[in-house]
Amino acid sequence: MRKTLNLLALAAAATVCAAGAQAASVNLVKNGDFELTSNGTSKQLNEGNYARDDRTYLTDWSSKGYNFVLNGNNIDDTNAKTALALWGPNSYSGRGPQNGLGVSPTGGNVLAADWDYFPGPVTQLVSGLVAGQAYTLSFSYGAGQQVGFRGDNLVNYWDVSLGSSKQQTASLANASQGFTGWHQASMTFTATNSSELLSFMAKGSPTGAPPFMLLDGVSLVSAVPEPSTWGMLIGGLGLLGLLARRRKAAVAA
């Protein structure tokens, strides 16, 4: 009976610790993998003055620029029903450059954005923040070039902001008809309000040779556990310590 109770207590302590860790890693960004869309045979995102019946809505995000949502079937396939294709193995029915362009590390849809045509960001209002608390923003990113364009893209990066705080990713240099590969970014922001606007704005050069920036797997989580989470973690660890001391005492007796 005593052994059973000890096992139950141990399981409860482990559950408390797991719950605390889970609470500390809740992703506050909705549809950060861009899988949720509606409408649209053209994969260009619907937006204000540029809205059309055939364009796509990206759930939980707003678009102000030349932004698209692509997937593994059409990201570099000029035969797909989309207003955009990027240079890759399937471009021009398999006669494109073998530059390694493909799906992102998380698979499925990716966001593609170019600042050159009519620049504007992709944004989401993030809620559930705690003012004064630090948050870690993580995502996958890369750069490719639109089919039909040539020329080296020497500067390719994302301007990223949360509220009034702004940061940039490392800049990627992309050869003509090339692909930079996928890179990982991690940034720390401190919230100033309970809800703030998260913004991604593609930047690059030179003008006239679209350096499309790619984005996927966006996550925003607390950089440190909240006070309630610390309490659960400490309580769980304390319970584990108590069980260890009782077991040691029982063996000594």
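The values are calculated or read from the model by the stated rules, or taken from the named source; none is laboratory data. Not measured: the values here are computed from a predicted model. Cβ atoms come from the backbone with ideal geometry, glycine included; neighbour counts cover every protein chain shown. When the accessible area is computed, the model is the full protein with side chains, heavy atoms only, and any ligands, DNA or RNA have been set aside. Shrake-Rupley method; radii C 1.70, N 1.55, O 1.52, S 1.80 Å.
For every residue, the table says whether it meets (1) open to solvent by 40 Å² or more (accessible area, probe 1.4 Å); (2) touching a residue at least 40 places away in the same chain (Cβ under 8 Å); (3) among the aliphatic types (A, V, I, L, M); (4) part of a loop (DSSP other than H, G, I, E, B).
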residue: 41; (1), (2), (3), (4): yes, yes, no, yes
residue: 67; (1), (2), (3), (4): no, yes, no, no
residue: 72; (1), (2), (3), (4): no, no, no, yes
residue: 107; (1), (2), (3), (4): no, no, no, yes
residue: 136; (1), (2), (3), (4): no, yes, no, no
residue: 142; (1), (2), (3), (4): no, yes, no, no
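Would you pick out the residues in segment 109-120 that are small (Gly, Ala, Ser) and either touching a Ser or Thr at 6+ places or on another chain (Cβ under 6 Å) or assigned to a loop (DSSP other than H, G, I, E, B) (or both)? Hit for segment 109-120 is 120, nothing else. Within segment 28-38, can one find any residue that is at pLDDT below 85 and assigned to a loop (DSSP other than H, G, I, E, B)? Looking through segment 28-38, none of the residues is at pLDDT below 85 and assigned to a loop (DSSP other than H, G, I, E, B). Per the conditions (1) touching a Ser or Thr at 6+ places or on another chain (Cβ under 8 Å); (2) under 20 Å from residue 69 (Cα atoms); (3) assigned to a loop (DSSP other than H, G, I, E, B), the sole criterion not satisfied by residue 132 is (2). For segment 79-105, what are the residues that are at pLDDT 90 or above and not in a loop (DSSP other than H, G, I, E, B)? 86 - this is the single residue of segment 79-105 that is at pLDDT 90 or above and not in a loop (DSSP other than H, G, I, E, B). In summary, residue 131 fulfils each of the numbered conditions (1) touching a residue at least 40 places away in the same chain (Cβ under 8 Å); (2) crowded, with 16+ Cβ neighbours inside 10 Å with the single exception of condition (2). Take the conditions (1) modelled with pLDDT under 90; (2) touching a Leu at 6+ places or on another chain (Cβ under 7 Å); (3) open to solvent by 30 Å² or more (accessible area, probe 1.4 Å); residue 16 misses just one of them, which is (2). Selection of segment 96-105 for residues being under 26 Å from residue 188 (Cβ atoms) and surrounded by 22 or more Cβ atoms within 10 Å (Cβ to Cβ) yields only 104. Considering (1) farther than 19 Å from residue 67 by Cβ; (2) open to solvent by less than 20 Å² (accessible area, probe 1.4 Å); (3) at pLDDT 95 or above, the lone condition that residue 199 does not fulfil carries the number (1). Just a yes or no: is a residue in segment 47-54 touching a strand residue (DSSP E or B) at 6+ places or on another chain (Cβ under 7 Å), modelled with pLDDT of 90 or more and either outside any loop (DSSP other than H, G, I, E, B) or open to solvent by less than 20 Å² (accessible area, probe 1.4 Å) (or both)? So far as segment 47-54 goes, no, none of its residues is touching a strand residue (DSSP E or B) at 6+ places or on another chain (Cβ under 7 Å), modelled with pLDDT of 90 or more and either outside any loop (DSSP other than H, G, I, E, B) or open to solvent by less than 20 Å² (accessible area, probe 1.4 Å) (or both).
Out of all the residues in segment 154-167, is one or more at negative phi, without any contact (Cβ under 8 Å) to a residue 24 or more places away in the chain and polar (S, T, N, Q)? The answer is yes; a qualifying residue exists.
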